[in-house]
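K.L.:
Have a look at the structure that comes next, please.
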Amino acid sequence: MGLTEDFVKLQSGWPRVHHLFALLCLAAVVYKLIVLLGKRRDAFRNYDVFPGPPSHWLFGHTKEFKQDETDLHLLVKWGQEYPYAYPLWIGPFVSSLTIHHPDYVKTILATAEPKDNLSYWFLESWIGDGLLVSKGQKWFRHRRLLTPGFHYDVLKPYTKLMSDSAKTMLDKWERYADTNKSFELFEHVSLMALDSILKCGFSYNSNCQTEGGTNAYIKAVYELSNLINVRLRTFPYHNDFIFYLSPHGFRYRKACRIAHGHTEEVIRKRKEALKEEKELDRIQAKRNLDFLDILLFAKDENQQGLSDEDLRAEVDTFMFEGHDTTASGLSFILYSLACHPEHQKICRDEIMQVLEGKDTVEWEDLSKLPYTTMCIKESLRLYPPVPRISRIITKPITFFDGRTLPAGSLIGTSVYGIHRNAAVWENPDVFDPLRFLPENASKRSPHAFVPFSAGPRNCIGQNFAMNELKVATALTLKKYELIEDTTQKPKIISRVVLRSINGIHIKIKSVDPQA
């Protein structure tokens, strides 16, 4: 009887518990809403001195972006209307100041301020807390530990490996030569860049260019880039729990597992190979050191190395950044040269003279290609592989014209906007490599051209990337004449890197070596 009475009392108490729980949930929602509304009010106040395009009260500016080739043109158009900077809103509560002029860019890129806690935070579950997204003392320590991996003594032997990867790709292109039919080159270049980064940075022969079928890792990287963009644009997805439960979150986790499995396999095989080795000098006596050797043996002043988690984060970061950004850059370089045969011919003449019949590019050749290098830079200006960089400032910042932003503000550097800014570049949409003649470049701000960012948080691998772009461009032009496909123009769009919705198509003709 007593048990029955207790059960009845317990049952009668449940409604009160439910009501209390509902009240607590409502209070939490109200509190969160008040915080967000306060944040919105403060942002409007902070941006009062920065006029910008009108925004929707709920969607912000996201409805203005159609996810097609018009998006980047819109940023340039707004840059013309609002000199130096303008605010952009993602939904009702998230905003950032978009800057697109060298004088403004200099102020933020001269600092070591961390990457933003929004788009880069979404990257963290993929590439970990590596050099790209880490901050403070961790970033400083890792930057110091990783820098020896990009010393020219380490980079020097890579030119032969890069040449081998490029030649594999170019041999595959023979089936397209002299057919007057175009083909999509981005996928080919992505495989080549992955093959190259694995050989150079990890001494790992993947055979990814010849194994046939779609490479699972590259497919996963493409999927992850798209899903991060979807998450950024969809305000409810900014919440981890909502994104986790969504179909997009499921696809993201699946792609992450593929990407992580790939890097873990590379690390596992190297650790097995180095099981008996304790010193870098002994390895160097047997073969050239690579990036992974230096990561595995890196020690700070306290003789502490990288943890397993940090090691994977740096490998994931280098694997992604070292192949995807390079693939974007090289694809648009080849496309630019196909569209401008007069510049392509000058490059080819220069390359033929330097290589003198060799079928590979050597370290000493890289500095003997000034015109080719100018064409590469001009393409990187028009088609920057990373079209946007974003930071969150930890202390107030004052720009050269006296306008200020408080700590906690997001600042997005529109690299695409700077490179197409008519106030900085004459006829900015015209392909003109002579802009990069030393006498012309010296007249511009060094922050007018920032494809690899600038300042203390610049791209640590920019010399590696430029070397690969030179090697692959030289060997391509030596073997093929590139021809524009006027029926299929790239529709460029900003993802994590610059891509084309409809691919990048060109035609090729074999070059007569005797001509």
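The values are calculated or read from the model by the stated rules, or taken from the named source; none is laboratory data. In this text, all values refer to a predicted model and were calculated from it rather than measured experimentally. No Cβ is skipped: glycine too gets one built from the backbone with ideal geometry, and neighbour counts run over all protein chains shown. All accessible areas refer to the heavy atoms of the entire protein, side chains included, with ligands and DNA or RNA removed. Shrake-Rupley method; radii C 1.70, N 1.55, O 1.52, S 1.80 Å.
K.L.:
Can you tell me the relative contact order of the range 385-499? Whole percent, Cα pairs under 8 Å, sequence separation 6 or more.
P.N.:
So the answer I get is 24 percent.
K.L.:
Report the gain in length on full extension from L37 to Y244: 0.36 nm times residue separation, minus Cα-Cα distance, nm rounded to one decimal.
P.N.:
72.0 nm
K.L.:
Based on alpha-carbon centroids, what's the gap between the range 211-248 and the range 38-94 in Å, whole number please?
P.N.:
24 Å
K.L.:
Report the charge-dipole magnitude of the range 438-515 in Debye, nearest 20, computed about the Cα centre from +1 at each Lys and Arg Cβ and -1 at each Asp and Glu Cβ. Please list the in-between numbers first.
P.N.:
Working: 12 positive and 6 negative charges, 56 e Å.
The calculated dipole for the range 438-515 is roughly 280 debye.
K.L.:
Say the cut-off is 18 Å between C-alpha atoms; which of K156/K470; K135/K199; K32/K135 go over it? Write down the numbers at each step before the final one.
P.N.:
Values: K156/K470 14 Å; K135/K199 29 Å; K32/K135 27 Å.
Long pairs (Cα-Cα over 18 Å): K135/K199; K32/K135.
K.L.:
If amide H atoms are built 1.01 Å from N in the plane of the peptide, which residues on other chains or at least 5 residues away come under 5 Å of the amide H of G60?
P.N.:
Those qualifying (amide H under 5 Å, at least 5 residues apart or on another chain) are G91.
K.L.:
Also, I was wondering about something else. Quick one: which of K106/K443; K219/K509; K138/K299 span more than 19 angstrom between C-alpha atoms? Intermediate values should be presented prior to the final figure.
P.N.:
Working: K106/K443 16 Å; K219/K509 29 Å; K138/K299 14 Å.
In this structure, K219/K509 lie more than 19 Å apart at Cα.
K.L.:
While we're looking at this one, here's another question. What is the distance in Å between the Cα centroid of the range 479-511 and that of the range 410-471?
P.N.:
Using only Cα atoms, the two centres lie 21 Å from each other.
K.L.:
From largest accessible area down, sort I501, I460; use a 1.4 Å probe on the protein chains.
P.N.:
The most accessible residue leads, giving I501, I460.
K.L.:
Right, next: Charges only on Cβ, +1 for Lys and Arg, -1 for Asp and Glu: so what's the dipole of the range 44-198 about the Cα centre, in debye to the nearest 20?
P.N.:
The calculation lands at about 560 debye.
K.L.:
Follow-up. From the phi of every residue in the range 179-194, what ³J(HN,Hα) in whole Hz does the Karplus formula 6.51 cos²θ - 1.76 cosθ + 1.60 yield, where θ is phi - 60° and glycine or proline is x?
P.N.:
Ordered by residue, 3J(HN,Hα) equals 9, 6, 10, 7, 9, 8, 9, 4, 5, 4, 5, 4, 5, 4, 5, 5 Hz.
K.L.:
For the chain, what is the accessible area per residue in Å², given a 1.4 Å probe and the full set of protein chains?
P.N.:
Accessible surface, normalised per residue, equals 48 Å².
K.L.:
A further question on this structure: Express the relative contact order of the range 367-446 as a whole percentage, based on alpha carbon pairs under 8 Å and six or more residues apart in sequence.
P.N.:
After rounding, I find 34 percent.
K.L.:
Mind putting a number on the dipole of the chain about its Cα centre? Charges go on the C-beta only, +1 for Lys and Arg and -1 for Asp and Glu, and I need it in Debye to the nearest 20.
P.N.:
Dipole of the chain, to the nearest 20 debye: 1180 debye.
K.L.:
For the chain, what is the calculated [θ] at 222 nm in deg cm²/dmol (nearest 500), taking -39500 (n - 2.57) for each run of four or more DSSP H residues and dividing by its residue count?
P.N.:
Working: 20 runs with 268 residues, N = 515.
After summing the helix terms and dividing by the residues of the chain, the value is -16500 deg cm²/dmol.
K.L.:
Net charge around R45, counting only other residues with Cβ within less than 14 Å of its Cβ (Lys, Arg = +1; Asp, Glu = -1)?
P.N.:
Spelling it out: positives minus negatives among the neighbours equals +2.
K.L.:
Let me ask something else about it. Return the sequence-ordered ³J(HN,Hα) values of the range 348-353 in whole Hz as given by the Karplus equation 6.51 cos²θ - 1.76 cosθ + 1.60 applied to θ = phi - 60°, using x for Gly and Pro.
P.N.:
For the range 348-353, the Karplus-derived couplings read 5, 4, 5, 5, 4, 5 Hz, x marking Gly and Pro.
K.L.:
Just to be sure I understand the model, the point goes 7 Å from the Cα along the line to the Cβ. What's the resulting R268 to D164 distance in nm?
P.N.:
2.4 nm
K.L.:
Show me the ranking of peptides 361-367, 166-172, 238-244 by mean Cβ neighbours inside 10 Å, starting with the highest.
P.N.:
166-172, 361-367, 238-244
K.L.:
Moving on. Pull up all non-local amide H partners of N502: gap of 5 or more, or a different chain, and H-to-H distance under 5 Å with H placed in the peptide plane.
P.N.:
K491
K.L.:
What part of the accessible area of the chain, given as a whole %, is carbon or sulfur when the probe is 1.4 angstrom?
P.N.:
Solvent-exposed carbon and sulfur of the chain make up 57 percent of the total.
K.L.:
Ok, one more. Quick one: length gained pulling A216 to Y82 fully straight, 0.36 nm per residue minus the C-alpha distance?
P.N.:
Length difference between fully extended and current span is 44.0 nm.
K.L.:
Which one of Q209, L145, T372 has its Cα pushed farthest toward the positive end of the charge dipole of the chain, where Lys and Arg give +1 and Asp and Glu give -1 at the Cβ?
P.N.:
Of the candidates, L145 comes out farthest on the positive side.
K.L.:
I've got another one for you. Whole angstrom only: what separates the Cα centroid of the range 265-327 from the Cα centroid of the range 150-179?
P.N.:
Cα centres, the range 265-327 to the range 150-179: 23 Å.
K.L.:
At a Cα cut-off below 17 Å, give the aspartates and glutamates reachable from K39, other chains included and same-chain residues fewer than 8 away excluded.
P.N.:
D48, D116
K.L.:
Could you derive backbone 3J(HN,Hα) for the range 80-90 from the dihedral phi with the Karplus parameters 6.51, -1.76 and 1.60 (θ = phi - 60°), listing whole Hz in sequence and x where the residue is Gly or Pro?
P.N.:
Rounded to whole hertz, the list is 5, 7, 10, x, 6, 6, 7, x, 10, 10, 10.
K.L.:
Just name one of T394, Q353, L437: the one whose Cα is farthest towards the positive end of the charge dipole of the range 335-437 (beta-carbon charges, Lys/Arg +1, Asp/Glu -1).
P.N.:
Value computed over the given set: T394.
K.L.:
So, one more: Once you put a point 7 Å from the Cα of F140 and another 7 Å from the Cα of K395, both along the Cβ direction, what distance in nm separates them?
P.N.:
1.2 nm
K.L.:
Sticking with this structure for a sec: Between R287 and E342, how many nm apart are label points set 7 Å from Cα along the C-beta direction?
P.N.:
Distance between label points: 4.9 nm.
K.L.:
What FRET efficiency would be calculated for the residue pair M352, V30, taking the C-beta separation as r and a Förster radius of 60 Å, to the nearest 0.05?
P.N.:
About 0.25, to the nearest 0.05.
K.L.:
Full extension from I501 to N117: what is 0.36 nm times the residue separation minus their Cα-Cα distance, to one decimal in nm?
P.N.:
Difference between extended and current length: 135.5 nm.
K.L.:
Of T404, W78, F183, whose Cα points farthest to the positive end of the dipole of the chain (charges on the beta-carbon: +1 Lys, Arg; -1 Asp, Glu; origin at the Cα centre)?
P.N.:
So the residue furthest toward the plus end is T404.
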